Protein chains: 2
Amino acid sequence: MAKIDRTSGVPIYRQIKQILVADIEASDGAGPVMTEEELLRRFRVSRAPIRQALRELSDEGVVYRERAKGTFPVRRSQVKRPSALKFGGLISYLQDRGLHPVTEVAELDRSRPPASVAASLELAPDEDVFTFSRQIALEGGAPVFWARLFIRSPEEFRPTAEELKQSGSAFSLLARDHGINITRSEHVVWLTGATPEESRGLQVPEGSPVLVVETLGFTKDGRPGTWRRSAQLPDELKLVFESNDPLWG
Amino acid sequence: MAKIDRTSGVPIYRQIKQILVADIEASDGAGPVMTEEELLRRFRVSRAPIRQALRELSDEGVVYRERAKGTFPVRRSQVKRPSALKFGGLISYLQDRGLHPVTEVAELDRSRPPASVAASLELAPDEDVFTFSRQIALEGGAPVFWARLFIRSPEEFRPTAEELKQSGSAFSLLARDHGINITRSEHVVWLTGATPEESRGLQVPEGSPVLVVETLGFTKDGRPGTWRRSAQLPDELKLVFESNDPLWG
DNA sequence: TAGTGGTCTAGACCACGCC
DNA sequence: GCGTGGTCTAGACCACTAT
């Protein structure tokens, strides 16, 4: 597959992206310098799909482009970059380390959340939300992770504990049943003492040091859709994320 | 400024972006639906700059686009979204809260880092790096933040403590003097006990719970350029970041 | 001066969502 | 059907970098 198929229905720029990624992976190390001119001749297409392919590869961090110089592959380490830990990802993360995590969901309800949460979710005065808690524990051992979620959703959204456990995600149910997707989220991370609720969920004394992550999730139109607060024990789990900011220090 | 100036040298799509952002902010709330067709007529330009403007606004999360529907403004809360805390940002963050942080840099050196760091930075066997530590304390009070940095850099890069304090950032010096920029970074966050070094820097007992952030910074070509580990005390500081992943849980 | 990516024009056809 | 954004063509001129 180093040729463009114009009958496949797959956009040309996607085919080009795929070919270029394969090229870069094959070259392995001192990658090729590409120019638009060269790619125009090679694929015999106009400049638009070439530029769209290169722009997307640049956005994805596969290549970088410098005006008047060229387009160069970004050197990547061999190690897989883990993205931010998800609930689902959390379980496979633990499994990959030979552990046997067990997840439990409880306290399912539709109700009015605490005022601070209602404010964050910009709820109408009479609006209620779906809420539940999720605990992740090592098999036969102590819990390592506990979270409470509030999900703004239609009245009919009332999944069962079994559905939540099986799907691994309330949000995938929300997307499947109501076409509501969370596309962006804001996370605040800090170190503090476990609340009473968290101390019960994690089976540690109240005030024990826990890593707290508060996440507000937004739908594509920018409305807040979910609020989540998770707490985890020291050393058990690491949170990984990436940024494209210039670095300071 | 609601007209395109073709003589200004500012690209048309940038002028369009600016106008559209102003439109959205002015509309405040139930924002306008834009279509490419309408913008073509309004600005009397071809489709390329229109699409580039809308694509960038979409990437920036200002609008979202739906095929066959239109382009809609993303509703934003009034609250400022703090981006990931930077060292420089950390100081203004504390100042904004009426505190008076003092930053100290120490232990400046060019040397060979520990093996694990050398491996992360993919150093040559004989390569050394610039290293130093930075402490942030409240005025007359205890430190709240301590970090150690290792910066891959030319032999000549040997800033003084004063330069580091004044610029607020070793990376801005590296960019200014050697044109080396950190464009992407990977962060790992977890809760653990303070190392001996950190316990001295933070003036707490060894093993006290601290929030640790390990950051690896990369240059545009994908080579690791900096390694940083910071530790901070409970409740003092919060780390904020944003992601565009679909949310799980 | 030659070659690069950045920007723009003026068209065209298509897939998809809504009515 | 009709209007939307998605994709593509075939040109053009420019700013910037390296030589």
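Since every read-out is calculated from the coordinates, none of them should be taken as a lab result. Just so we're clear, the structure is a prediction, and the values are computed from it rather than from any experiment. Counting neighbours? That spans all protein chains shown, and the Cβs are built from the backbone with ideal geometry, glycine included.
List of remarks:
- Taking all Cα pairs closer than 8 Å and separated by 6 or more residues, the relative contact order of chain A comes to 14 percent.
- 18 Å reach of a label modelled at B:GLN95, 7 Å along Cα-to-Cβ, counting backbone N of segment B:133-147: B:135-141, B:144-145
- Exposure rule at most 10 other beta-carbon atoms within 10 Å, DSSP loop trypsin sites (Lys or Arg not before Pro): chain B longest free segment: B:98-249
- Karplus-derived 3J(HN,Hα), 6.51/-1.76/1.60, for each residue of segment B:131-146, Hz, glycine and proline x: 9, 6, 10, 10, 10, 10, 10, 6, 4, x, x, 7, x, 10, 8, 9
- Karplus-derived HN-Hα couplings along segment A:156-163 (A = 6.51, B = -1.76, C = 1.60, θ = phi - 60°), whole Hz, x at Gly and Pro: 6, 7, 9, x, 8, 4, 5, 4
- Closest approach of a chain A Cβ to the axis relating A and B (residue, whole Å): A:PRO209, 2.
- Taking the C-alpha atoms only, the angle from helix B:47-59 to the longest principal axis of chain B is near 40 degrees.
- Within the same chain, aspartates and glutamates fewer than 8 places from B:LYS238 are excluded, and of the rest, those with a Cα less than 13 Å from its Cα are A:GLU186, A:GLU214.
- Residue separation of B:ARG112 and B:ARG176 scaled by 0.36 nm, minus their Cα-Cα distance, works out to 20.6 nm of gained length.
- Between 0 and 90°, nearest 10: helix B:12-27 axis offset from chain B longest Cα axis: 90 degrees
- Couplings for segment B:182-190, taken from phi via the Karplus curve 6.51 cos²θ - 1.76 cosθ + 1.60 with θ = phi - 60°, read 9, 10, 9, 9, 10, 10, 10, 10, 7 Hz in order; Gly and Pro are left as x.
- Using the Cβ of A:ARG134 as centre and a radius below 10 Å, the other residues enclosed give a net charge of +1, where K and R count +1 and D and E count -1.
- Length gained on full extension, B:GLU206 to B:SER58, computed as 0.36 nm times the residue gap minus the Cα-Cα distance: 48.5 nm.
- Amide hydrogen neighbours beyond the local backbone of A:ARG75, cut-off 5 Å, H modeled: B:GLY222, B:ARG223
- Separation of alpha-carbon centers, segment B:1-57 and segment A:1-69, rounded to whole Å: 29 Å
- Prolate/oblate/rounded call for segment A:12-73, Cα gyration tensor, a/c under 1.5 rounded: rounded
- Estimated inter-spin distance, A:ARG41 and A:ASP221, nm [label 7 Å along Cα→Cβ]: 5.2 nm
- Put in line by how crowded their Cβ is, counting other Cβ atoms within 10 Å and starting with the fewest, B:VAL105, B:VAL129 read B:VAL105, B:VAL129.
- Residues whose placed amide H lies under 5 Å from that of B:SER208, excluding near-sequence neighbours: B:ALA194
- Highest-MSF residue in chain A out of A:THR195, A:THR215, A:THR71 [GNM, Cα springs under 10 Å]: A:THR71
- Position A:ALA106: other-copy label points at 4.7 nm, ordered by increasing distance, label point 7 Å along Cα→C-beta.
- Taking every alpha-carbon pair under 8 Å whose residues sit at least 6 apart, segment B:12-73 reaches a relative contact order of 40 percent.
- Each of B:ASP126, B:ASP235 was scored by other Cβ atoms within 10 Å of its Cβ. Listed from fewest to most, they are B:ASP126, B:ASP235.
- Label point of A:ARG158 (7 Å along Cα→beta-carbon): distances to the other copies' equivalent points are 7.4 nm, sorted ascending.
- Ascending list, in nanometres, of distances separating the B:PRO32 label from those of the other copies (7 Å, Cα toward Cβ): 4.5
- Long-range HN-HN contacts of A:ARG184 with modeled amide H, under 5 Å: A:PHE218
- Helical contribution to [θ] at 222 nm, DSSP H n ≥ 4, -39,500 (n - 2.57), averaged over chain A, rounded to 500: -9000 deg cm²/dmol
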